[in-house]
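The values are calculated or read from the model by the stated rules, or taken from the named source; none is laboratory data. In this text, all values refer to a predicted model and were calculated from it rather than measured experimentally. Note: ideal-geometry Cβ built from the backbone for every residue, glycine included; neighbour counts use all protein chains shown. In case anyone asks, the SASA skips ligands and DNA or RNA and just uses the protein heavy atoms, side chains included. Shrake-Rupley method; radii C 1.70, N 1.55, O 1.52, S 1.80 Å.
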Amino acid sequence: MTTPVNVTVTGAAGQIGYALLFRIASGAMLGPDTPVRLRLLEIPQAVKAAEGTAMELDDCAFPLLDGIDIHDDPAAGFAGTNVALLVGARPRGPGMERADLLEANGGIFGPQGRAINAGAADDVRVLVVGNPANTNALIAASNAPDVPKDRFTAMTRLDHNRALSQLARRADVPVSQVRRVTIWGNHSASQYPDVFRADVAGTPGARYADEDKLWLADDFVPTVAKRGAAIIEARGASSAASAANAAIDHVHDWVLGTPEGDWTSAGLWSTGEYGVPEGLVSSFPVTSSGGAWQVVEGLDLDAFSRERIAASVQELSEEREAVRALGLV
Ligand code: NAX
């Protein structure tokens, strides 16, 4: 039998964790031939709930699930891990300022980055889901100096999938016929979902954008960027199954590759692509092959797109300044 892949999920007892673990164990993330060993990392108060989830995982009798370990210590949770999904984070509480939020998350993602640096497998791949995802990824990567920076990514795949779906609806085509949309910048309301270079059942996405500028600026962009808030409003809880699905998609494509002729979106450590300052974790159009992401380079950006991207990147720069001032990176 193939050696099992060690997959660590933090925040395993939370609502995204609950939607995520069963799909990982079923083979949806790493494919039908790859056994997995799950490591559930939680805070001590939530270990009991994680044990309950582990009991349910046992009860599914997944053929690919080699075993489950539960930890409340990052060093043990990340020892030998190949794939780390950092979902658990500190949410913004009432009256909490942005600096407080960044500091609280620095207290989580700094130690987790150090634990990954100390004990993860050499091929470790990290996806940060917990918000503020891009800057949490920056903090974790900065605290893991021996791990290549391109192994730390932040999740913008949910925004990407939302953009595919909204564009398909506008064009009245099946979502499977929409390709090459891009999320640029931060996973926040400032993100820029870009349809200009999309292919919509053979029609350039730019045609929709140029024909109907009001739809683009007043409908599509804000609908995608504020979808998380709309879900909370409707459901009374934040996106969980769709977020878990996006995490599965992200790691699946990272490890197994993106389809020929298409690309997706992921938050990557910038090496200066498209003028994004080096060392910001920003979302780009990306392909994957051989287990590594590559930024799709050479796209010709129109003025509208450049302005929106610059605004979101500016927000990322400010977040980096704030975490630098706090000594977190
Ligand atoms: P929940 O509050 O349901 O679960 C979070 C879990 O994390 C809890 O069980 C908690 O005990 C655990 N946790 C907290 N600190 C921890 C630590 N230091 N180590 C291990 N576990 C820890 O939140 P949920 O709805 O699952 O959302 C998790 C995170 O995903 C939030 O930060 C949320 O904002 C973020 N999201 C990110 C998205 C993205 O697209 N990047 C979309 C969905 C979601 O909003």
Do you know which of the residues in the stretch 111-123 that are within 15 Å of the ligand (Cβ to nearest atom) and buried (at least 20 other Cβ atoms within 10 Å of the Cβ) is farthest from the chain's Cα centre (by Cα)? Ala115
The stretch 125-153 - residue that is farther than 14 Å from Gln112 by Cβ and away from the ligand (no atom under 13 Å from the Cβ) and, of those, surrounded by the most Cβ atoms within 10 Å (Cβ to Cβ): Arg125
List every residue pair whose Cβ atoms lie under 6 Å apart, where the two residues are 6 or more positions apart in sequence or sit on different chains, the first residue falls within the stretch 127-148 and is in the same structural domain as Arg90 (by TED's automatic domain parsing) and modelled with pLDDT of 95 or more, and the second residue, located anywhere, is polar (S, T, N, Q) and open to solvent by 10 Å² or more (accessible area, probe 1.4 Å). Ala140/Gln112; Ala144/Asn117; Asp146/Asn117; Val147/Asn117
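Name the residues in the stretch 61-77 that are within 16 Å of the ligand (Cβ to nearest atom) and either over 11 Å from Thr10 (Cα atoms) or surrounded by 15 or more Cβ atoms within 10 Å (Cβ to Cβ) (or both), would you? Show your work before the answer.
Quick first cut of the stretch 61-77, residues within 16 Å of the ligand (Cβ to nearest atom) only: 68-77.
Across the stretch 61-77, the qualifying residues are Ile68, Asp69, Ile70, His71, Asp72, Pro74, Ala75, Ala76, Gly77.
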Near pairs, Cβ below 6 angstrom, 6+ apart or cross-chain, from the stretch 177-190 (open to solvent by 10 Å² or more (accessible area, probe 1.4 Å)) to any residue that is of a type in the set (Phe, Trp, Tyr): Arg180/Trp263
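Identify the residue in the stretch 78-105 that is in contact with a Leu (Cβ under 9 Å, 6 or more places away or on another chain) and modelled with pLDDT of 95 or more and, among all such residues, is surrounded by the fewest Cβ atoms within 10 Å (Cβ to Cβ). Steps first, answer last, please.
Keep residues of the stretch 78-105 that are in contact with a Leu (Cβ under 9 Å, 6 or more places away or on another chain), which gives 78, 83-88, 90-93, 99, 102-103, 105.
With the extra rule that they be modelled with pLDDT of 95 or more, the set shrinks to 78, 83-88, 105.
Numbers: Phe78: 28, Val83: 24, Ala84: 29, Leu85: 31, Leu86: 28, Val87: 24, Gly88: 22, Asn105: 25.
Result: Gly88.
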Is it the case that some residue within the stretch 243-253 is of a type in the set (Asp, Glu) and touching a Phe, Trp or Tyr at 6+ places or on another chain (Cβ under 8 Å)? no
